[in-house]
């Protein structure tokens with residue numbers, strides 16, 4: 001009798017536990033949909049506060065709709081957000097896409113409200129397919145008293161300008177430092193043309209005093225660039241690029257470069273918010289003028305070079321992949337080359353576990369600017385000059401694990 005009682009008690013406990021687990025993984029209310037918001041820029045607490053009736057799940061596999069939000073920079077300095085609503089389970093194949101465009105002067109509150117407005121519109125599309133839509137009150141109105149035929153007059157003709165300047169000073173008894181920097185940018189971006197001008201200057205000075213000796217480190221850097229890119233069609237584009245560099249760290253008094261390039265994207269550029277597979281080729285020349293005679297016995301020279309670059313970007317519900325591989329070389333000596341790889345992975349392994357990895361690798365054989373003079377200990381310790389190398393590597397690897405309730409939509413910001 002006691003044995004039977006124990007079996008019954010064990011059966012009741014097992015049923016309660018399994019029932020609780022089942023209720024976590026499966027919704028049973030009529031018309032209730034689960035949404036997974038995949039958005040780095042969204043204020044999730046704000047979204048849940050404004051839409052408390054929407055069930056947001058932390059597990060993308062338990063969602064009926066995956067909301068994937070990506071972004072790109074606009075020509076005016078703002079951002080364009082792409083909201084992709086991807087139906088799953090019984091809503092598979094029911095997808096929508098919306099856009100939100102912000103300007104550079106928009107505040108964080110204005111941006112989050114604009115995103116919220118479009119989230120409401122997209123979510124309503126799915127609720128309209130269930131009986132839950134009968135419980136919603138809809139109020140559609142225009143936020144301003146505007147007419148449909150109002151015209152926008154842009155007195156800047158799509159040109160955007162920005163200027164930045166700053167500096168800092170550090171003073172101690174035995175050492176001091178001063179940094180100054182300024183940059184200027186002008187750009188105009190349309191569907192047909194992309195035009196950009198950049199200029200940057202920085203100056204750094206450090207002094208170290210030890211007894212009666214003083215060590216001084218001075219660095220300056222000047223960089224200017226301009227490019228004109230023409231969109232030929234949905235997949236092809238071409239451009240002209242010009243650069244100027246002066247930097248004592250790499251023994252370069254003056255470096256002036258001009259190049260022509262062409263690019264092909266396997267996918268149409270209108271899909272760049274979700275996927276890009278672009279192949280770029282360029283060729284050009286650089287006129288070099290060095291501070292000191294190089295290890296190849298040059299004070300100045302003209303170098304012709306070419307390069308090929310492949311860029312892959314995939315932004316999907318399962319994660320993100322960004323890969324960039326570039327190879328370049330000088331025509332006078334093919335052994336003077338460089339191979340660069342940049343990668344950024346963020347892949348969801350399971351519903352709870354994701355892995356991310358960033359890697360930048362350069363195989364370097366093109367340091368033609370290296371000075372022939374011997375480096376002193378002060379040059380090395382103060383990083384006055386670039387050292388000879390055959391590779392440069394930087395990386396970061398990590399995992400992200402989350403667990404717990406997947407239906408907790410409560411917002412509590414006390415303390």
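All of the numbers you see were taken from the coordinates with simple rules; none came from a lab. Computed from a predicted structure; not experimentally measured.
For the range 192-261 and the range 67-106, what is the separation of their Cα centres, given in Å?
Here the answer is 34 Å between Cα centres.
Rounded to whole Å, give me the distance from the Cα center of the range 296-329 to that of the range 348-377.
13
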